Amino acid sequence: MSVSAQHSSTAATPGEQAKTARQGRRGADIPAEDRGNTTIADTVVAKIASMAAREVPEVYDLGAGMARAFGAMRERVPGGSSSTTQGVKVEVGERQAAVDLDLVVHYGAAIADAAADVRTNVITAIERMTGLEVVEVNIAVDDVRLPDEEEPEQSGRRVA
């Protein structure tokens, strides 16, 4: 490999020569994003989507009825925990992602506005954190939490 340089009246100092040599060895001309691959797992995108959706005040929970019922049972089993990604499905490609969300909203919330807020929050979070382009966020509102509904008990006791 040959390097051509313009001659000037002053010679480069040894420090400048060393800097030029180091840049050539590191491949400074190649952008960092072109020096390898980054793979983002579906579960990572699903967790980001879940957390972003839960940040919207009108959202009570994620998941359809059966998924929430199984999640409640899973929490009661020793060693079991709630699923962060319950109610979230994602498809992740090399540069794009699509998200499906099942939501439960609080009674009285404007559902269309809540869905728009969730969609915006999810897209912003995923694109900021992963660099993926979010092509769609599909939202299904499966339930409304009424004000007089009791909270599920965390102690493991059965509710009559």
>> Using the Karplus curve 6.51 cos²θ - 1.76 cosθ + 1.60 with θ = phi - 60°, what ³J(HN,Hα) values do you get for each residue of segment 136-143, in whole Hz, with x for Gly and Pro?
In response: 7, 10, 8, 10, 10, 8, 9, 7
> Hey, what do the phi angles of segment 116-127 turn into as Karplus ³J(HN,Hα) couplings, whole Hz, using 6.51/-1.76/1.60 and θ = phi - 60°, x for Gly and Pro?
Replying inline: 5, 5, 4, 4, 4, 5, 5, 4, 4, 5, 5, 5
>> On a 1.4 Å probe surface of the protein chains, which of TYR60, TYR107 comes out largest in accessible area, and what is the full order?
In response: TYR107, TYR60
> For segment 88-151, what are the per-bin percents of Cα-Cα distances with bins 5 Å wide, up to the bin holding the maximum?
Replying inline: 4, 16, 25, 20, 14, 11, 6, 3, 1, 0
> Taking H as built 1.01 Å from N, whose amide H comes closer than 5 Å to the amide H of VAL134, not counting residues under 5 places away?
Replying inline: ALA97
> Sequence-distant or interchain residues sharing an amide H contact under 5 Å with VAL141, placed H: which?
Replying inline: LEU103
> Can you list the residues, at least 5 places off or on another chain, whose amide H is less than 5 Å from the amide H of ASP61, using H built in the peptide plane?
Replying inline: VAL104
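First select every other residue whose beta carbon is under 15 angstrom from the beta carbon of VAL92; then total the charges, Lys and Arg +1, Asp and Glu -1.
On the way: positive: LYS47, LYS89, ARG95; negative: ASP42, GLU91, GLU94, ASP100, GLU127, GLU133, GLU136.
That sum, taken over residues with Cβ under 15 Å, equals -4.
The values are calculated or read from the model by the stated rules, or taken from the named source; none is laboratory data. Small disclaimer: the values here were computed from a predicted structure and weren't measured. Please note: Cβ atoms are built from the backbone with ideal geometry, for glycine as well, and neighbour counts cover all protein chains shown. Keep in mind that these areas ignore ligands, DNA and RNA; they rest on the heavy atoms of the full protein, side chains included. Shrake-Rupley method; radii C 1.70, N 1.55, O 1.52, S 1.80 Å.
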